[in-house]
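Structure first, then comments.
The values are calculated or read from the model by the stated rules, or taken from the named source; none is laboratory data. Keep in mind the model is a prediction, meaning the values are calculated, not measured. Because the Cβ atoms are built from the backbone with ideal geometry, glycine has one as well, and the counts that use them run over all protein chains shown.
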């Protein structure tokens, strides 16, 4: 399955490049990614991670254990992202060529072309749907990267291997674990429910007060 597309991120190429090479940003921006752990690398593939991702297509959803490797880096110009994973819903093996360019001053255009092989139950989903979902997830990823750059600091939790990534774009220490931040939407839903409860309580108090006044 071949997928191509492009997105524009409203930040300079240098910032977008550094963000994509930062595992704290990756774990917080890859849709469904829950955990990244830096693993030993080979020359040319210094940014290599074991990862856990929960994702789904149509009614088929599950957790995948796999790997993400960024290689063939040409600074501020291009890189290759290799992804592989396996889980109950099936398997995926993809190679994504990513190209960076200036769309306009202060804006980065990212073009990508991917070649993916999907197997198992998820592979039985129609190619049109798989392509549509893949493009949507790619768009979500690059949009998330833009939001992460604009945030005060990457919010991912970091554990183990205390030698954290140093300079922007530098590989993290082997064995370092990065976990995705809690989704803000959970707190929002809780606040919404609390708001309904408080509102209902105030309405009930108003009804009771009115009833007592009428009895007097």
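General remarks:
- Filtered residues of segment 60-80 (kept if at pLDDT 90 or above, more than 12 Å from residue 33 (Cα to Cα) and part of a strand (DSSP E or B)): 69, 70, 71, 72, 73, 74, 78, 79, 80
- Test: residue in segment 14-22 that is loosely packed, with under 15 Cβ neighbours inside 10 Å, modelled with pLDDT of 90 or more, in the same structural domain as residue 148 (by TED's automatic domain parsing) and more than 20 Å from residue 131 (Cβ to Cβ): yes
- Being surrounded by 14 or more Cβ atoms within 10 Å (Cβ to Cβ), in contact with a helix residue (DSSP H, G or I) (Cβ under 7 Å, 6 or more places away or on another chain) and under 22 Å from residue 136 (Cα atoms) holds for only one residue in 62, 85, 90, and it is 90.
- Taking the listed residues 42, 52, the one that is crowded, with 18+ Cβ neighbours inside 10 Å, free of Cβ contacts under 8 Å to residues at least 60 places away in the same chain, out of contact with any helix residue (DSSP H, G or I) (no Cβ under 9 Å at 6 or more places or on another chain) and over 13 Å from residue 176 (Cβ atoms) is 52, with no other qualifying.
- Residue 30 falls short on exactly one of the conditions (1) modelled with pLDDT under 90; (2) surrounded by fewer than 21 Cβ atoms within 10 Å (Cβ to Cβ), and that condition is (2).
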